[in-house]
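Worksheet for the structure shown next.
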Amino acid sequence: MALPAHISATAAGANSRQPVYALVGNPNCGKSTLFNALTGLKQKVGNYPGVTVEKKVGTAYSQHGQPITVIDLPGTYSLAARSPDEAVTRDVLLGRRADTAQPDRILCIVDATNLERNLYLVHQILDLGRPVILVLNMMDLATRAGLEIRVDQLEKLLGIPVIACEALYQRGLIELKLAMSRADLPLARHAWTVPAAIAPAVSEIAAALVEGDRKSPLVARAEALLLLTDQDSVRVAGSTPLSPRTTEILRAWQSRWTQEGTDWAGTLVSSRYDAIGALAAEVVQLRTEVGPSASDKIDAIATHALWGWVVLGAVMTLLFFSIFTLAETPMNWIDGHVAALSDTIKSAMSPGDLRDLITDGAIGGVGGVLVFLPQILILFFFIGLLESTGYMARAAFIMDRLMSRVGLNGKSFIPMLSSYACAIPGIMATRTIEDPKDRLVTILVAPLMSCSARLPVYLLMIAALVPGERVPVFTKVGIMLFMYGLGTAGAFFFAWLFKRTLLKGEPPLMIMELPPYRLPGFKDVALHMLERAWIFVRRAGTVILGISIILWFLSAYPKAPEGATPTAQLAQSFAGRAGHAIEPLIKPIGFDWQIGIGLISSFAAREVFVSTMGVVFNAESSAENTAPLRTALLSAKWPDGRALFTPLVCFTLMIFYVFAMQCMSTIAVVKRETNGWKWPIFQTLYMTGTAWILSFMVYQGGRALGF
Amino acid sequence: MATASFISLSQLPVGASAILRDFPKAGTAFLRLREMGLLAGTSLTLVRTAPMGDPIEIKVRGYHLTLRKSEADHIMVEPSA
């Protein structure tokens, strides 16, 4: 072969089947960036059925316009999977998933600055006997680190196309696409000798897998090696349990080795690293010794015992400052336009139920979702930014010790913190947590962090609790901070409780790579943000729209006599009756049926409580000016003439809002992320139950003390 | 070379380098650490500990890795001169 393999080849024939590539690589090696660069916006994002792992499939086009399907598999360090995400990668590559055909070819991407560890996965993948293309990403950073990588030599040693690439800057993509569209791809020439002590076991188990488990011979060898690498054979087998005969052979070898004192797994891993070390010695040369890298210098501050906290605090302050200030203008804009649209329709259509359904039900409902979109977009943007720059891992590193007190690890920190803005992005960010139990615990407690939809309720209740214009601002801020603190404490308490009882498991590990700091790929961050926001609009939006229409119906029917005020209409509607129906339940915590209507309407979104109270008590109010509503609330009475909104009731109502699960969108997202109704129902019950019990204690305790 | 000169990774002072000598054979954590390149004979450097003392950050095979002290306690290393 005179020319490098990937240049001399011809493009795939027009009549050949469209090839399917799987894209695999370690985390942090630029896999998503390459996927985005290859497929552009031609991506389909979904879920693998049965597990909550994102399935991304895209189409790349060869230089000749031939479509090439690319499946972006979750990042992993090894085929010996530890998390549901990694198990998907392993199962797709081994052709075990019924919903995803085994890819014809594999695109392996590695971080050129860190070739040795990255090649471990490549080494396992070469065992699969499929054509592989190796992509050396971040070549620029490797050069900057003083490394010289001889790409042609690596290509010669492995016998597969090796493409140098800088995915972030779109460099090397043409060469890569040329290689991908080749009709024939060579199989790896790289011969790896399995250590003599283990080789007979590998062939015996592989033979049993072919006979007993009907595996294809090529996959069988890889599976046998995997079974011997991970000692937990049940975990390796995953959804396809081993035949009794294979299990028997495996057990026999394991007990023999145990007696002999052979560490078979260790031997296998070591021999792979020996082979990789020999490769690396021929391919990588440290040309120039460079001093501490930029990352080392940044980390000297960013993870410093004192400055680390300052940086973390500053980053989080900036995050929340952006969410609450930058989002304000677009939120007002959306609010204004939704209201204007509603008014236009109101004046264009003749009065009637259809008009009200469109304006109050549908438009009001969609508006209720859209108004949160700016905050959610900013939050997703920041999460994406923190991930792509590498700071996310540092935040987890710093917070791990604190999180370990309640049995979680540092990776739960960002999802919980994000939930102060909105639980939905927080819950969606839990996908970075590997351990399924830790992930579930984080999902269960995240909505206890006071989200921004609770803020209007707190503000209204504080205004009613401490009326008067000259109340020290400290009192108001103090009550507010108390509520935020209470929610946080509740989240940590329940995390601790669940980790000890319901979701008991091994203490979480904190084996995590701290990737070098990198400039963010804004295109990738933006794409990630839009993807997430779209999921929010689709999942939460449809639910809220439905709930809004139902709530509208409940408050519009049955009809009050002609000419009744909105307040009278609401009072005798289904919603009003529902308020009456739940009154016996909420009376012990100091709420009457009118507050009950507010609690029910909060299921659309908690801040709806404020506007519902406006209708119930017939007071015009807006988020900026709660004064008329406050006055109306303070004059509200029980039938026997006692004041309804006593300071104690206001306080109790806030406590209730801290803990109760009243957000349908969150319930919908939890259902999606936990793959069923079991956990969202449990979550609703435990949160609302806690809210009721604590409210009862506060209200009755307060009354006993004479408040 | 006497085993007595080995210390656990969690006892290694910040900034010091060492060669990994011994490692528990079982356990998910240790399997993953092995697969990430921590093997007998691998040299590593303790870069720093987190602000609250745990976890620790090591440099191994040219990249940075964190692990908790509860795992580091079981990893025996020989400090380099």
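At-a-glance table
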read-out: Furthest towards positive pole of dipole, A:Thr674, A:Leu168, A:Pro507, structure part chain A, Cβ charges; value: A:Thr674
read-out: Per-selection Kirkwood Rh - the range A:544-704 (Cα, Å, 1 d.p.); value: 16.6
read-out: Alpha-carbon centroid distance for the pair the range A:459-538 / the range A:385-455, whole angstrom; value: 7
read-out: Between the range A:158-175 and the range A:213-253, the Cα center-to-center distance that results, in Å; value: 35
read-out: Gain on full stretching of the segment that runs from A:Leu459 to A:Glu289 - 0.36 nm per residue minus C-alpha separation; value: 55.3 nm
read-out: Full-stretch length increase - A:Trp534, A:Phe321 - with 0.36 nm per residue and alpha-carbon distance subtracted; value: 74.3 nm
read-out: Spin-label model distance (nm) - B:Ala26 vs A:Gln572, 7 Å beyond Cα toward Cβ; value: 7.5
read-out: Cβ-based charge dipole, the range B:3-79, positive-most Cα from B:Ile56, B:Leu31, B:Leu67; value: B:Leu31
read-out: For B:Arg21, residues with placed amide H under 5 Å, excluding near neighbours; value: B:Gly41, B:Met76, B:Val77, B:Glu78
read-out: Of the trypsin sites (Lys or Arg not before Pro) in the range A:217-283, those whose Cβ has at most 16 other Cβ within 10 Å and which sit in DSSP loop; value: none
read-out: The range A:199-261, relative contact order in percent, only Cα pairs under 8 angstrom and at least six apart counted; value: 36
read-out: Helix axis angle, A:391-404 relative to chain A longest principal axis, alpha carbon, degrees; value: 70
read-out: Pairwise FRET efficiency - A:Asp104 versus B:His74, Cβ, R0 = 45 Å, nearest 0.05; value: 0.55
read-out: Pair A:Ala252, A:Asp274: separation of 7 Å Cα→Cβ label points (nm); value: 2.7
read-out: Centre separation in Å (Cα based) which lies between the range A:575-601 and the range B:44-59; value: 54
read-out: Percentage relative contact order, chain A, counting C-alpha pairs under 8 Å, at least six apart; value: 10
read-out: Theoretical FRET efficiency, 1/(1+(r/R0)^6), r = Cβ-Cβ of A:Ala348 and A:Leu306, R0 45 Å, to 0.05; value: 0.10
read-out: Point-charge dipole on Cβ atoms (K/R +1, D/E -1) for chain A, about Cα centre, debye to 20; value: 840
read-out: Theoretical FRET efficiency, 1/(1+(r/R0)^6), r = Cβ-Cβ of B:Ser5 and A:Thr501, R0 45 Å, to 0.05; value: 0.50
read-out: Coil-residue trypsin sites (Lys or Arg not before Pro) of the range A:599-705, DSSP, other Cβ within 10 Å capped at 10; value: A:Arg642
read-out: Placed amide H near A:Ala22: partners under 5 Å, 5+ positions off or other chain; value: A:Ile71, A:Arg105, A:Ile106, A:Leu107
read-out: Segment A:Leu341-A:Arg189, extension gain: residue separation times 0.36 nm, minus the distance between their alpha carbons; value: 48.1 nm
read-out: Label-point separation, A:Leu585 to A:Glu148 (7 Å along Cα→Cβ), nm; value: 7.5
read-out: Charge dipole (debye, nearest 20) of the range A:60-198; +1 at Cβ of Lys and Arg, -1 at Cβ of Asp and Glu; value: 200
read-out: Cβ-based charge dipole, the range A:32-154, positive-most Cα from A:Ile149, A:Thr33, A:Ala87; value: A:Ala87
read-out: Degrees between helix A:678-704 axis and first principal axis of chain A (Cα, 0 to 90, nearest 10); value: 40
read-out: Whole-Hz couplings from phi, Karplus 6.51/-1.76/1.60, listed for the range A:100-112; x for Gly and Pro; value: 10, 5, 4, x, 6, 9, 10, 9, 9, 10, 10, 7, 5
read-out: Table column - 3J(HN,Hα) (Hz), the range A:197-203, Karplus curve with 6.51, -1.76, 1.60, x for Gly and Pro; value: 5, 10, 3, x, 5, 4, 5
read-out: Chain B shape via C-alpha gyration tensor axes, a/c threshold 1.5; value: rounded
read-out: Loop sites in the range A:91-179: trypsin sites (Lys or Arg not before Pro), DSSP, at most 15 other Cβ within 10 Å; value: A:Arg150
read-out: Considering only the protein assembly as shown, percent of DSSP beta bridges that pair antiparallel, nearest 5; value: 70
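Laboratory data are not the source of any read-out in this text; all were calculated from the coordinates shown. On a predicted model such as this, the values are computed, not experimentally measured, just so you know. For neighbour counting, all protein chains shown are included, and Cβ atoms are generated from backbone atoms with ideal geometry for every residue, glycine included.
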